[in-house]
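What follows is a single structure, written as structure tokens, with notes after it.
What follows draws every value from the coordinates through simple rules; no lab data is involved. What you see is a predicted model; the values in this text were computed from it and never measured. Because the Cβ atoms are built from the backbone with ideal geometry, glycine has one as well, and the counts that use them run over all protein chains shown.
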Amino acid sequence: MSTRTEFLAATAASTVAIAAAGAPARAATGTILDEAALVARITSSAKHRQAIGAARVNDGAALQFAVNTLNGFENGWKEPPSNVQIAVVLFGSAATIGLDDTAWRDHKLGELVKRFQGDWLTADASQGNPWSHAGASVGPRGDKSVPALLARGVRIIVCNTALGEIANRIVAAGYTAGAGSDANAIQAHLREHALPGTDIVPAGISSVAVLQENGYSYFSAAL
């Protein structure tokens, strides 16, 4: 090191590198995690680990179950937040919960969800994803929005296979918003519109198995 400035710059760079090595990096928007990357994201020393799986939107039921688990442990069982780790796996039509307002508006996902057998959506989707913004009228312990749950440490996992099925349905319904009729291209477009902080995996069902192999108990949000 020839100058003090160079020394300080090198020290800062080393500090950043060490910090980065201490925690798994968050995937870039649109990136599909492989198994090793998923395991790095879900590894936890929390006493209680739960995977909640959702195949249907059902008015955000899976998100409400995550709120209930967190509050149940923290309020009822007096467990500190560090003792509770939840992962919500969104597959089937529920994968739309992990997409942003632009995807919901452009591709009329609210209307598309209602076409899935056994699904229902009564929440207002006229402006986009009903769960993409923190609630204005509820406190953080009652907020089942994706940002609120991410802020409480919940992992939100989106199935890429489901995004492919959604892309096929978008093409069939004519909700492409000028994006063409290539379902693969629309699937890639949907990945780019995943909500910040969510993780995309090749298949949601497979990720449930990985979660269980890493100490998570499984709860189905099917109603």
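Cut-off 20 Å, label point 7 angstrom out along Cα-to-Cβ of Glu79: give me the residues of region 193-210 whose amide nitrogen falls inside.
Under cut-off, by backbone N: 208-210.
How much of the DSSP beta bridge set in the chain is antiparallel, as a percent to the nearest 5?
Antiparallel bridges make up about 5 percent of those DSSP assigns within the chain.
Relative contact order for the chain: what is it in percent, counting Cα pairs under 8 Å that are at least 6 residues apart?
Answer for the chain is 30 percent.
In debye, nearest 20: dipole of the chain around its Cα centre with unit charges on the Cβ of K, R (+) and D, E (-)?
400 debye
Nearest 0.05, what FRET efficiency do Ser126 and Ala36 give at R0 = 45 Å with Cβ-Cβ as r?
That gives a FRET efficiency of 0.65.
Going by a ≥ b ≥ c, the root eigenvalues of the Cα gyration tensor, does region 96-203 fall in the rounded group (a/c under 1.5), the prolate group (a/b larger than b/c) or the oblate group?
prolate
Just name one of Leu99, Phe116, Ala151: the one whose Cα is farthest towards the positive end of the charge dipole of the chain (beta-carbon charges, Lys/Arg +1, Asp/Glu -1).
So the residue furthest toward the plus end is Ala151.
Count neighbours as other Cβ atoms within 10 Å of each site's Cβ, and list the trypsin sites (Lys or Arg not before Pro) in region 54-145 that are DSSP loop with at most 10 such neighbours.
Lys78
Just from its helices, what would the mean residue ellipticity at 222 nm be for the chain, if runs of 4 or more DSSP H residues each count -39500 (n - 2.57) and the sum is divided by every residue, rounded to the nearest 500 deg cm²/dmol?
Taken over the chain, the calculation gives -11500 deg cm²/dmol.
Per residue of region 98-106, in order, report the coupling 6.51 cos²θ - 1.76 cosθ + 1.60 (Karplus, θ = phi - 60°) as ³J(HN,Hα) in whole Hz, putting x for Gly and Pro.
x, 9, 7, 4, 4, 4, 5, 6, 5
Computed on alpha carbon atoms, what radius of gyration and Dmax characterise the chain, expressed in Å?
19.2, 69
For a label point 7 Å from the Cα of Thr102 along Cα→C-beta, name the residues of region 138-158 whose backbone N is under 17 Å from it.
Inside the label zone: nothing.
Within a 10 angstrom radius of the beta carbon, how do Phe73, Phe219 rank from fewest other beta carbons to most?
Going from sparsest to densest Cβ surroundings: Phe219, Phe73.
State, to one decimal in nm, how far the label point of Asn71 lies from the label point of Ile205, with both points 7 Å from Cα in the Cβ direction.
In this crude spin-label approximation the distance works out to 3.3 nm.
Run the dipole for region 100-177 about the Cα centre, Lys and Arg Cβ at +1, Asp and Glu Cβ at -1, nothing else charged, and hand back the magnitude in debye, nearest 20.
Charge dipole, region 100-177, about its Cα centre: 200 debye, nearest 20.
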